[in-house]
1. Report, by residue number, each residue of the stretch 1-25 that is surrounded by fewer than 24 Cβ atoms within 10 Å (Cβ to Cβ) and of a type in the set (D, E, K, R).
2. Take the stretch 97-153 and flag every residue that is out of contact with any Gly (no Cβ under 7 Å at 6 or more places or on another chain), surrounded by fewer than 23 Cβ atoms within 10 Å (Cβ to Cβ), in a helix (DSSP H, G or I) and of a type outside the set (Phe, Trp, Tyr).
3. May I ask you to verify whether residue 404 is in contact with a helix residue (DSSP H, G or I) (Cβ under 9 Å, 6 or more places away or on another chain), part of a helix (DSSP H, G or I) and assigned by TED's automatic domain parsing to the domain that holds residue 288?
4. Please enumerate the residues belonging to the stretch 432-487 that are closer than 14 Å to residue 416 by Cβ, outside any strand (DSSP E or B) and of a type in the set (A, V, I, L, M).
5. Mind listing whichever residues of the stretch 319-335 are out of contact with any strand residue (DSSP E or B) (no Cβ under 6 Å at 6 or more places or on another chain) and either part of a helix (DSSP H, G or I) or modelled with pLDDT under 95 (or both)?
6. Determine whether the stretch 379-392 contains at least one residue that is part of a strand (DSSP E or B) and modelled with pLDDT of 95 or more.
7. Residue 45 fails exactly one of the following numbered conditions: (1) assigned to a strand (DSSP E or B); (2) surrounded by fewer than 20 Cβ atoms within 10 Å (Cβ to Cβ). What is the number of that condition?
8. Go through (1) out of contact with any helix residue (DSSP H, G or I) (no Cβ under 7 Å at 6 or more places or on another chain); (2) surrounded by 21 or more Cβ atoms within 10 Å (Cβ to Cβ) for residue 413 and report which single condition fails.
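The values are calculated or read from the model by the stated rules, or taken from the named source; none is laboratory data. Everything numeric in this text was worked out from a predicted model, so none of it was measured. FYI the Cβ positions are ideal-geometry reconstructions off the backbone, even for glycines, and counts take in every protein chain you see.
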Amino acid sequence: MGLPNVAYFSMEIAMDQSLSTYSGGLGFLAGSHMQSAGYLQMPMVGVTMLWSYGYYNQRIGSEGEVEVAFIRKYYDFLTDTGLYADVDIFGEKVKVKAYRVEPHLFGTCPVYLLTTDIEGNSEFGRRISHRLYDGDEKIRIAQETVLGIAGVRILQAAQYNFDVIHMNEGHALPAAFELLRQYNYDLEAVKKKTVFTTHTPVAAGNEVHWVDTLLQGGFFAGCSREMAVKLGGENFSLTVAALRMSRIANAVSQLHGLVANKMWEWVDGRCPIRAITNAVNLHYWQDKRIAASKENLEGLLDAKYEMKKELCKYIAIHAGKTFDPSVLTITWARRFADYKRAWLIFMDKDRINRLLDENKVQLVFAGKFHPDDAMGKEMFNKILKKSYSMKNVAVLTGYELELSALLKKGSDIWLNTPLRPFEASGTSGMSANMNGALHLSIYDGWTVEGTFAGINGYTVEYPGLDDEIPWEERHKKDNQCIMDIIENQIIPTYYDNKLEWARMMRQAIRTSEAYFNSDRMVIEYYNRLYKPIAHEEVEGGVEHHEINVAENPNLDAWTFSNIK
């Protein structure tokens, strides 16, 4: 029996910086998925949106604060498929056009790009595919409706006979409703075709909309209100409905698997949730100099020094700071969301200032916030203003694929500071490891599986890690542990024992190559999600793996009572 044909639906896919179809980690992950599927020649296509203005362009304004700019993108390297689909959205018939990314462009499997920004559509209709994750609720619902419903219809028009639709997050849920319509509302028939990946326990990542608004938006592809409520509730949860409409689902790390199963255990009729740990594409992310020198400790140090010089030059040009490639360089770069705590390392001002003033460390920050996230923007600006007056601190704008790669190659330490257990996986540290940057991370997400203290990186662990304590106290404990590790372990090793540092670099590289390469991830998806090689007994949506899911008081704050 051959492998199933898979259609991978994702609101964002990061294939190359020349194609602005992503915002951050979810897109980076999806891009690695497409790259490995192409490299392994798996029978898969991707479906995503062609955003006329991308996510947004980030820059520093005349007042020294971060600004959001929307710049129209134009491309001449996409294949015009000549395929169209019509979708009913908020009382309008919206025409959707499909382009395609051919495999030879970026080494991916074929990827279909959907746009509504074409002649014949109304101003509202054209706006649907303008900006990724538009803050207007009606536009956001319309985007998901286009991705799912038009995506299915375009693939069928292209005569791509998919066996499985993979919904990467709840954004693609209308695809399942389109199948439900086509299969005469036979839910079991839909389940045979659909699988689902849930990515986060954070409320903002599990969308909820009033069912009547979704109904008006065409989200349910003609499905009745009664059936929609049965699947997702009146205050309709995309995640809950996806769990009820899929044959099987997966979380994105082993820890997240435990968290997700506990978090959604109240959902009657949900599918089982397996854990398949995220990964990144080794062929895309690893610098050739690292690959060539990874078995030679001295050569590894030399390669890292050269890459640090390149990062220092970039910082001088874009931030006006003179960084020294011989100084320990610590980078925090990811989405600016409050639970990721970009500010954590600054909590003890005297302690971090002393290290900065003595040239013991250099700090680099980069990342984007959602354009409508006032808290994220304020967090970014506070750190940006600190950098103007503090020695050895730089903030870089425009965190996209190329800057991400430059930072991972030029950093010594990749700092990860989420509030446990809200980081479902996180992938940036994996590609940093591939380039010899050591992970210094809260014990959360993929870190639990891949960062081994004293062997290939450093983890923030202490007695009572999951005790129920006020968050302010948690912040202080995490900061103290991070600073203790930097002062007592990282700095002495980096400056006084270079060969030991190089050995840890080598182990970080080996670990990431061995398991956190997306080639492994795609194969695992085929074997455990798309084409299960064993049918385990399932009762009440929970697989019998004899896993003891420990009680975690931190989850109490995220019971999602509003969607029960």
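1. Hit for the stretch 1-25 is 16, nothing else.
2. 104, 105, 123, 125, 126, 127, 137, 139, 140, 153
3. Yes.
4. Listed by number, the residues that qualify are 432, 437, 448, 482, 485, 486.
5. 335
6. No, the conditions are met nowhere in the stretch 379-392.
7. It is condition (2) that residue 45 fails.
8. Checking residue 413 against (1) out of contact with any helix residue (DSSP H, G or I) (no Cβ under 7 Å at 6 or more places or on another chain); (2) surrounded by 21 or more Cβ atoms within 10 Å (Cβ to Cβ), the one that fails is (1).
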